[in-house]
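The values are calculated or read from the model by the stated rules, or taken from the named source; none is laboratory data. Owing to the predicted nature of the structure, the values given are computational and were not obtained by experimental measurement. Note that we place each Cβ from the backbone using ideal geometry, even for glycine, and neighbour counts take in every protein chain shown.
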Amino acid sequence: MTNPEISSVLKEKRVFPPPAEFAAAAHVGSMERYRELYRRSIDDPEGFFGDVARELHWHAPWNKVLDWQLPFAKWFVGGKTNLAFNCLDRHLGTWRKNKAAIIWEGEPGEVRTLTYLQLHAEVCKFANALSALGLKTGDTVAIYMPMVPELPIALLACARLGVGHSVVFGGFSAEALRERINDCEAKAVITADGGFRKGSTFALKASVDDAIKDCPSIRHCVVLKRTGQDVAWSAGRDHWWHDLTAKQSARHEAPALDAETLLFILYTSGTTGKPKGIVHTTGGYMVGTYLSAKLVFDLKDDDVYWCTADVGWVTGHSYIVYGPLLNGATVVMYEGAPNVPHPGRFWEIVERHRVTVFYTAPTALRTFVRWGDEHPNRFDLSSLRLLGTVGEPINPEAWMWYHRVIGKERCPIVDTWWQTETGSIMITPLPGATPTKPGSGTLPFFGVEPDVVDATGKSVKPNEGGFLVLKRPWPSMLRTIYKNPERFKEGYWKRFPGFYFAGDGARRDEDGYFWIMGRVDDVINVSGHRLSTMEVESALVSHRKVAEAAVVARPDDVKGQAIVAFVTPKQGMQADDDLRTELRGHVVKEIGALARPDDIRFTDALPKTRSGKIMRRLLRDIAAGQAISGDTSTLEDYSILARLRTDDDE
């Protein structure tokens with residue numbers, strides 16, 4: 001019988017304490033303070049989160065902080081609030097009224113700034129427009145838009161009315177959009193004629209028209225004019241955004257909504273079956289995103305904060321729109337690709353808008369490594385004071401590049417672990433308190449009690465790999481899967497009864513730091529040892545000639561599974577048998593002979609989703625010599641598969 005746990009082979013000993021100057025001014029400035037607050041959040045979660053919630057506005061107080069009927073939670077039971085009011089109206093009685101709320105830059109280069117007062121007016125007008133179309137609390141709408149200011153305006157208008165929104169990433173197909181609209185029974189879809197990406201325009205309204213032919217619940221389609229491209233029109237159903245809002249008042253009284261009012265449904269991608277509609281509600285999500293944005297990013301009134309995600313993903317919901325605006329922050333939004341018109345576009349934006357807090361994905365960082373240091377080095381990055389990562393485990397060498405080239409060895413890095421389901425950050429450093437280790441998410445956030453367990457649900461020893469679980473409810477947790485509570489119970493609570501199972505493997509080191517090892521289905525079983533693909537990838541990427549790597553398994557008659565590595569060398573490096581030999585030896589040196597790749601294939605790019613995650617499922621098919629199976633609708637560049645297939649044939 002094979003070992004059911006996951007072997008951890010990554011070794012990383014570097015530690016970086018918070019800079020003293022940063023810690024002195026931070027919201028949480030020492031490990032002693034972190035431990036004090038954390039202990040209270042675990043021992044008295046209702047008192048702790050009740051105090052946090054009182055920092056926000058409530059139309060009526062709650063009568064109970066938490067009602068926990070495993071696995072169903074209700075937070076701030078009986079309380080009445082309004083998330084959009086807390087993001088906007090709450091700031092209008094302060095000096096923040098005239099502070100920039102959103103600084104937006106379009107891919108072609110135009111810049112728009114909306115103050116909190118201006119953003120409030122636009123949200124009120126759009127809320128009034130939606131009301132005029134007959135939308136009301138309890139209804140749902142689908143949103144399918146480019147990264148323009150009207151996207152957060154639409155979210156906030158829905159939140160203001162108590163209309164649940166379901167954002168569908170603008171890169172998804174008409175079929176994916178149709179499936180999501182029908183599942184959530186949306187009464188309207190909010191879209192644009194198109195958007196700008198990679199130096200050209202793309203169409204959105206055409207995909208909507210194709211999708212909603214078979215969406216009986218849709219009554220209205222609101223269309224923003226972004227590119228000016230021609231669109232088909234259905235009179236009575238279709239409405240131009242500018243026509244709807246032109247006649248609306250810039251005043252709208254935010255209603256008092258129950259804390260458990262549906263806020264949004266967000267569908268998880270990457271599965272071959274029916275997408276799961278993750279349900280988040282108002283009050284608990286508001287408290288979770290408010291507190292985590294404030295403390296993880298150490299937000300101050302003079303910060304200019306930029307999260308590079310798309311609002312189509314949960315990161316954009318929680319840490320572009322809701323969390324930062326609840327804190328009165330200035331948020332940067334960018335519409336397009338990071339290499340248009342040149343590979344330094346992100347760093348040019350940092351310089352132009354004097355960004356202080358920068359939050360991006362490890363995949364993006366590895367891409368920047370491949371493009372070369374000369375691009376960030378062309379720009380003044382001295383405004384940056386804090387860096388963050390999100391979306392997947394970061395390998396230590398990408399972390400070090402981020403620290404050295406972007407942060408100039410003076411910016412703390414917050415490596416955050418969380419999910420669509422968790423709603424807000426679960427495991428993270430606090431930048432003024434936590435000594436960081438490259439590649440580790442470090443310690444749990446307040447109110448979060450994670451553990452690493454074996455297949456029987458028992459805690460494993462330090463530095464042993466296992467399954468990451470959460471042992472108690474938290475305010476921003478998913479409430480259910482839309483219209484499918486049985487799937488919610490089966491998918492998240494059945495494998496380890498009483499615990500939420502995240503689907504990720506992890507280990508906890510001797511200091512209590514968590515190291516996320518990736519999805520448990522991204523595990524290779526070599527001669528009875530279960531190895532995390534992330535750890536083998538980290539060893540490969542630590543080599544000076546490698547920009548990026550993805551590791552998968554293929555069947556092997558002797559070992560059960562063999563290790564296949566797809567490697568993208570840095571620019572100018574020769575991809576040949578000498579490098580293959582060098583890399584195999586490097587992996588052995590870093591983590592041992594057990595992890596030596598059986599096959600190394602060089603490629604100029606890896607297949608990724610439009611959110612930047614490597615689609616290892618497709619690489620597994622290629623490595624095994626099988627036909628590509630399952631859903632490929634989220635794939636960013638289909639030509640990569642053809643090139644990989646060609647390389648395989650050779």
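Across segment 439-464, the qualifying residues are those that are in contact (Cβ under 8 Å) with a residue 40 or more places away in the chain and outside any loop (DSSP other than H, G, I, E, B), and the one among them that is farthest from T389 (Cα to Cα) is V453. For segment 22-53: of the residues being small (G, A, S) and assigned to a helix (DSSP H, G or I), which is nearest to C411 (Cα to Cα)? Result: A23.
Conditions (1) touching a Cys at 6+ places or on another chain (Cβ under 9 Å); (2) aromatic (F, W, Y); (3) outside any loop (DSSP other than H, G, I, E, B); (4) modelled with pLDDT of 95 or more, marked per residue:
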position: G312; (1), (2), (3), (4): no, no, no, no
position: G316; (1), (2), (3), (4): yes, no, yes, yes
position: M400; (1), (2), (3), (4): no, no, yes, yes
position: E409; (1), (2), (3), (4): no, no, no, yes
position: V414; (1), (2), (3), (4): no, no, yes, yes
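Scanning segment 574-586 for residues that are outside any helix (DSSP H, G or I), charged (D, E, K, R) and surrounded by fewer than 23 Cβ atoms within 10 Å (Cβ to Cβ) turns up at least one hit. Considering V564, V536, V558, the condition of being out of contact with any Leu (no Cβ under 7 Å at 6 or more places or on another chain) and either within 30 Å of P473 (Cβ to Cβ) or surrounded by fewer than 21 Cβ atoms within 10 Å (Cβ to Cβ) (or both) is satisfied by V558 alone.
Can we say T227 is in a loop (DSSP other than H, G, I, E, B), β-branched (V, I, T), modelled with pLDDT under 95 and surrounded by fewer than 23 Cβ atoms within 10 Å (Cβ to Cβ)?
no
Filtered by the rule that a residue be touching a helix residue (DSSP H, G or I) at 6+ places or on another chain (Cβ under 7 Å), assigned to a loop (DSSP other than H, G, I, E, B) and more than 22 Å from P149 (Cα to Cα), segment 177-216 gives D214, C215.
On the given criteria, is E260 of a type in the set (D, E, K, R), over 29 Å from W371 (Cα atoms), in contact with a helix residue (DSSP H, G or I) (Cβ under 8 Å, 6 or more places away or on another chain) and modelled with pLDDT of 95 or more? Against the criterion (of a type in the set (D, E, K, R), over 29 Å from W371 (Cα atoms), in contact with a helix residue (DSSP H, G or I) (Cβ under 8 Å, 6 or more places away or on another chain) and modelled with pLDDT of 95 or more), E260 qualifies.
Count of segment 297-310 residues, restricted to those that are more than 16 Å from the chain's Cα centre (by Cα) and either of a type in the set (V, I, T) or modelled with pLDDT under 95 (or both), is 1.
One residue stands out in segment 271-300 among those that are assigned to a strand (DSSP E or B) and β-branched (V, I, T): the one that is farthest from L478 (Cα to Cα), namely T281. Of all residues in segment 465-494, those being closer than 23 Å to F445 by Cβ and assigned to a loop (DSSP other than H, G, I, E, B) number 11. For segment 164-176: of the residues being assigned to a loop (DSSP other than H, G, I, E, B) and surrounded by fewer than 24 Cβ atoms within 10 Å (Cβ to Cβ), which is modelled with the highest pLDDT? Here the answer is F169. Looking only at segment 177-190, which residues are surrounded by fewer than 20 Cβ atoms within 10 Å (Cβ to Cβ) and not charged (D, E, K, R)? Answer for segment 177-190, where residues must be surrounded by fewer than 20 Cβ atoms within 10 Å (Cβ to Cβ) and not charged (D, E, K, R): just N182. Just name the residue that is farthest from L117 (Cα to Cα) out of those in segment 55-105 that are part of a strand (DSSP E or B) and among the charged types (D, E, K, R). Of everything passing the filter in segment 55-105, D67 is farthest from L117 (Cα to Cα). Among the residues here, A293 does not qualify as over 20 Å from the mean Cα position of the chain (by Cα) and at pLDDT 95 or above. Checked against the criteria, G388 counts as in a strand (DSSP E or B) and either within 30 Å of V587 (Cβ to Cβ) or more than 20 Å from the chain's Cα centre (by Cα) (or both).
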